[in-house]
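The structure appears right after this line, and notes come after that.
The values are calculated or read from the model by the stated rules, or taken from the named source; none is laboratory data. Note that the structure is a prediction, hence the values are computed from the model and not measured. Glycine gets a Cβ as well: all are built from the backbone with ideal geometry, and neighbour counts include every protein chain shown. To get the accessible areas, we keep the full protein, side chains included, count just its heavy atoms, and leave off ligands, DNA and RNA. Shrake-Rupley method; radii C 1.70, N 1.55, O 1.52, S 1.80 Å.
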Amino acid sequence: MELESILEKHFGYYSFKTGQKEVISSILAGNHTLAMLPTGTGKSLCYQLPGLILKGKILIISPLLSLMQDQVEQFKRFGEKRVIALNSFLSSEERNNVLTSLSSYKFIFISQEMLRIPFIMGRLQGLDISLFVVDEAHCISQWGYDFRPDYSKLGDIRQKLGDPLTLALTATATSRVREDIIASLRIEKINKIESTIDRPNIAMYVENLSDYHDKKDRVIELVTSLQKPGIIYFTSKKAAEQIASLLVDKGVCRAMPYHGGVDQNSRILIQQQFIYGQLDVICATSAFGMGVNKENIRFIIHYHMPMQMESYLQEIGRAGRDGLPSIAVLLHSPGDEQLPIHLAEGELPSEQQIDWLFNRLSDEQRSMDVGGQLPNQFKEFGGFSEVQWRIIEDFVYSPHRHSSRLEELQAAFKKFINERFIVKKKNIFQMKKWVEATSCRRELILRYFDEASSGKVPFCCDQCGLQLNDYQTGQLAPMPKANEELWKDYLAKILINRELSK
Amino acid sequence: MARLASIILYCLTQLNGERTIYSIFHLLNGKKSSQTIQDAHLFSLKNFFGVYEPLTRESFEDIIQMMQESEWIYNCGEQRFLPTPTGKSFLGNHPLPKYLNGWDHHSFTTQFWERLSFFIQVTSNLVFQESRYIPIQKNKHVHQWLKSVLREVRVPRKEMGTIVYSELVECFDEAHDIDPSLLVFRLTGFQQIGLTASQTAKRLQLDYHDYHIGFINILHYLIRNINEKANRFTVLAYLMQDLMQENELTFSSRKTQKLLNQGYSPEMIANHRHLKLSTIEDHFVEFALNVKDFSIDTFVDTELQTKILEISKHSATKKLKLIREKVPAATYFQIRLVLAKYGDR
Ligand SMILES: Nc1ncnc2c1ncn2[C@@H]1O[C@H](COP(=O)(O)OP(=O)(O)OP(=O)(O)O)[C@@H](O)[C@H]1O
Ligand SMILES: [Mg+2]
Ligand SMILES: [Zn+2]
């Protein structure tokens, strides 16, 4: 069957998006493939569709647990039930159930920490794997902004699984990172499909303010005048909360905060309210956006500077998925880089914390549990955050360090942490340089990702003379009136289909 | 925060200065310690057990402070308070939420809400013949429950919505002292996403704490009414499937109970389970509270039982220390057992 008709029959789409067909054809021709496609262009389809044709299993390695859950749901919406996510969300009973019936699944999502467990690896080795997918493959490289030490072992794991056909997916990787991915996966011949990371319908605008405190008023002005819906990204939860209530209280728009401190149930509702147009603006930390597919987002505002170019690109990439003109505004004031530096520091365990921990670790404790679990009370007593703790576990249990002695390990770990901090700082200054640049911003981004310029874009960036008022609403839409619907009417609206009862 | 304040005022009245305010905090949180469980029984506060699980210590302390500043309560010992006349009249003017029944329902209230909200979402999308939507509920048990309900329920799919609608309206309409808006606007349906708790509170112009209490009050009302009239609310009755029979004992006490039934003494059980004797004693107190045919006679002879009860009634106290001073022959454990078994009659 032709690829297009499979696409239509199974997914209900009439044409491929940029790059999809090339990647799928490359896989079906049996080539290892590295695909770099812009955010939100449907990278998942690049393994979903081949999965329907290839005989064996599709194994997908994915770094983010929450993302995995979204993807499983996406599959189910297309009517694909043979899909499972193997991660630490499963209870040990559920996990055992899944493992005994593993062969009945077609698509298997797995997190890298599960691959550490020899028993699970054993089960995977017994499967016929047609395609080995590495999602968010930039995590492999220590030059990638979200380096996961465990990811660098995927080369080993590929070998153990018998060198299966491999697809590495990423949206944002510099050429250096791409080289790292290929080397790390130990693939000799790989087909590279790299579409441009440029999103020509997203204009970029950096606005300099002389004082951080001016941002509040400015963001209200912007949100009032810009076409909605939109997302405002923050680095701090508190600021996100504050601006969201300001927007609501001033009657500017329907807004809600969204961050790690919001409970799971409310998060789902807020995300869905946004998708269904019941909210105009989300005030979010980077926790928001992953797996959110809303076509018509018209603006992204950055209240704070992101930690690196890659995140910036990912975040503004949520705008304009319908191809219509959209704008990304970054508000900048002197000294803004301090917050991300502070944050970068906080993501890594401190010297004292490391010393404290190693004083309590004994060699035997380390070798006891191969599953990769340090005693949890250490995490609590040492005051380690989730992120810090993950870094420690990844490092201490990485197989090639298993033989080293504790003091060596401690020294190596400190060195590793230092290097990470240097990389992070470098990324922040790269970002700062871009913010302060006086030449075309699009060109600079392309250059950062080693791409040749694709020619002039009509609505490009502030440096190319972009005017914000092109993105403003013609007339100021009044905020929808306070809803006075009665509960019985609401209930009738959702439960009784008048069309049907006619 | 009128609703929460009146609950706290009521609790303070019942406690009569014999416990600290934190016993109220633990009570509202539904803390599964034998002390909290016993207090709920002793002071007849079972209805409020676990009705505000998400309440944080900080907000609780803020509320107490606010109540003190408004002179609704006054200090009567370390971390102990009693209602002032103003507080008492406030309580008189703000009756307690009538349907709260934390003791019987707290363990499955959340599950009931998860079922109800997911059931409505699925029904609504059925009615509008939509099959592609994101479930707002992630709990796998709730998904399994729903699947089995859809298999069993004997109602034509096309009429589901109308039937659920009329059952819900009928059920709500039987009570005049609740506002169903607190719950209904949180429901998600076809292309219409429900509000979060804080959004609903805002829309109804309620303080967040009062919103929460009001919401739980409605859930407990629904649970009770559906359960009582299961033959009338035939579809809603599925929401209650397998919820009520849950054993009230904590997991650990059940293990202790097994050993007890095999004839082990408290000391032997403590040894066997590598637990402190005091923990095992806590379990026994739990049995005295919850297990109807559990006899305490082997631990306290009946004469001593009568004595302890008399002293407690006579001096109108449930303070262990005071009782012990007057009945030195009894141990604390024995006093707790007696109060647990007969204290609230
Ligand atoms: N050919 C197509 N035509 C129309 N829509 C498509 C097509 N392929 C995928 N989509 C839709 O595009 C959206 C984005 O898909 P997906 O999540 O796979 O993107 P992604 O590239 O992985 O994004 P991210 O960078 O956020 O991870 C989904 O809603 C998907 O259903
Ligand atoms: Mg993706
Ligand atoms: Zn430009």
(request) Taking the Cα centre of chain A as origin, sum charge times position over the Cβ atoms of Lys and Arg (+1) and Asp and Glu (-1), and report the length of that vector in debye to the nearest 20. (result) 900
(request) Considering Cα pairs under 8 angstrom that are at least six residues apart, work out the relative contact order of chain A and quote it in whole percent. (result) 15
(request) Calculate one ³J(HN,Hα) per residue across the stretch A:162-172 by plugging θ = phi - 60° into the Karplus curve 6.51 cos²θ - 1.76 cosθ + 1.60, and present them in order as whole Hz with x for glycine and proline. (result) x, 6, x, 4, 10, 10, 9, 10, 7, 9, 9
(request) Could you list which residues have their amide H under 5 Å from that of A:Asn191, counting only those 5 or more apart in sequence or on another chain, with H placed in the peptide plane? (result) A:His32, A:Thr33, A:Leu34
(request) Using a 1.4 Å probe over the heavy atoms of the protein chains, calculate the carbon and sulfur portion of the accessible area of the protein assembly as shown as a whole percent. (result) 50
(request) Apply the Karplus parameterisation 6.51 cos²θ - 1.76 cosθ + 1.60, with θ equal to phi minus 60°, to every residue of the stretch A:5-11 and state each ³J(HN,Hα) to the nearest whole Hz, in sequence, with x for glycine and proline. (result) 6, 4, 4, 6, 5, 8, 10
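What FRET efficiency would be calculated for the residue pair A:Arg77, A:Gln353, taking the C-beta separation as r and a Förster radius of 45 Å, to the nearest 0.05?
Values: r = 43 Å, r/R0 = 0.96.
That pair, A:Arg77 with A:Gln353, gives E of 0.55.
Sorting check: for B:96-107, A:189-200, B:114-125, which peptide has the highest mean count of neighbouring beta carbons within 10 Å, and how do the rest follow?
Values: B:96-107: 19.8, A:189-200: 17.1, B:114-125: 22.2.
Peptide ranking by packing, descending: B:114-125, B:96-107, A:189-200.
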(request) Taking a cut-off of 17 Å between Cα atoms, list the lysines near B:Lys292, but don't count ones fewer than 8 places away on the same chain. (result) B:Lys46, B:Lys258, B:Lys341
(request) Post the alpha-carbon centroid distance, the stretch B:124-198 to the stretch A:161-226, in whole angstrom. (result) 41
(request) For chain B, calculate the relative contact order in percent as a whole number, restricting contacts to Cα pairs under 8 Å that are 6 or more residues apart. (result) 18
(request) Let me know the mean shielding of B:187-194 by other chains, meaning the per-residue number of their Cβ atoms within 10 Å of its Cβ. (result) 6
(request) Measure of size requested: the Rg and Dmax of the stretch B:79-210, with Cα atoms as the atom set and Å as the unit; please supply both. (result) 18.6, 59
(request) List the lysines whose Cα lies under 23 Å from the Cα of A:Lys488, skipping any in the same chain that are fewer than 8 positions away. (result) A:Lys502, B:Lys98, B:Lys158, B:Lys202, B:Lys229
(request) Grab the DSSP H runs of the protein assembly as shown that are 4 residues or longer, score each as -39,500 (n - 2.57), total them, divide by all residues and round the 222 nm result to the nearest 500 deg cm²/dmol. (result) -14500 deg cm²/dmol
(message) In square angstrom and rounded to 100, what buried accessible area do you get between chains A and B, total over both, with the probe at 1.4 Å?
(response) 3500
(request) Please state the charge dipole magnitude for the stretch B:2-96, taken about the Cα centre, from unit charges on C-beta atoms (+1 on K and R, -1 on D and E), reported in debye and rounded to the nearest 20. (result) 340
(request) Round to the nearest 10 and give me the degree value, 0 to 90, for the angle of helix B:302-314's Cα axis relative to the longest principal axis of chain B. (result) 80
(request) Please list, in chain and number order, the residues 5+ apart from A:Ile327 or on another chain whose amide H is under 5 Å from its amide H, with Hs placed from the backbone. (result) A:Ala203, A:Phe299, A:Ile300
(request) Report, as an integer, the average count of C-beta atoms from other chains found within 10 Å of each Cβ along A:483-492. (result) 6
(request) Rounded to the nearest 0.05, what FRET efficiency do B:Ala316 and A:Ser245 give with R0 = 60 Å and r taken as the Cβ-Cβ distance? Could you check? (result) 0.75
(request) Give a residue-ordered list of calculated ³J(HN,Hα) values for the stretch A:271-279 (Karplus: 6.51 cos²θ - 1.76 cosθ + 1.60, θ = phi - 60°; whole Hz; x for Gly, Pro). (result) 4, 5, 4, 5, 4, 8, x, 8, 10
(request) Calculate the radius of gyration of the Cα atoms of the protein assembly as shown to one decimal place, then report Dmax, the largest Cα-Cα distance, as a whole number, both in Å. (result) 30.8, 99
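Using Cα-Cα distances under 8 Å and only pairs 6 or more residues apart, what relative contact order does the stretch B:204-291 have, in percent? Before the final figure, lay out each step's value.
Numbers: 33 pairs, mean separation 17.0, N = 88.
Rounded, it is 19 percent for the stretch B:204-291.
Return the average number of partner chain Cβ atoms within 10 angstrom of each residue Cβ along peptide B:196-203. Let's see the in-between values first.
Values: counts 10, 4, 3, 8, 0, 0, 1, 4.
Mean inter-chain Cβ contacts per residue within 10 Å come to 4.
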(request) Give the long-range amide H neighbours of A:Ile60: residues separated by 5 or more places, or on another chain, with amide H under 5 Å away, using H modelled in the peptide plane at 1.01 Å from N. (result) A:Ile108, A:Phe109, A:Ile110, A:Val133
(request) Based on the mean of other Cβ atoms within 10 Å per residue, sort peptides B:204-214, B:24-34 so the most packed one is first. (result) B:24-34, B:204-214
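Averaged per residue, what accessible surface does chain B expose to a 1.4 Å probe, in Å²?
Values: 16420 Å² over 345 residues.
Ligands and nucleic acids excluded, the figure is 48 Å² per residue.
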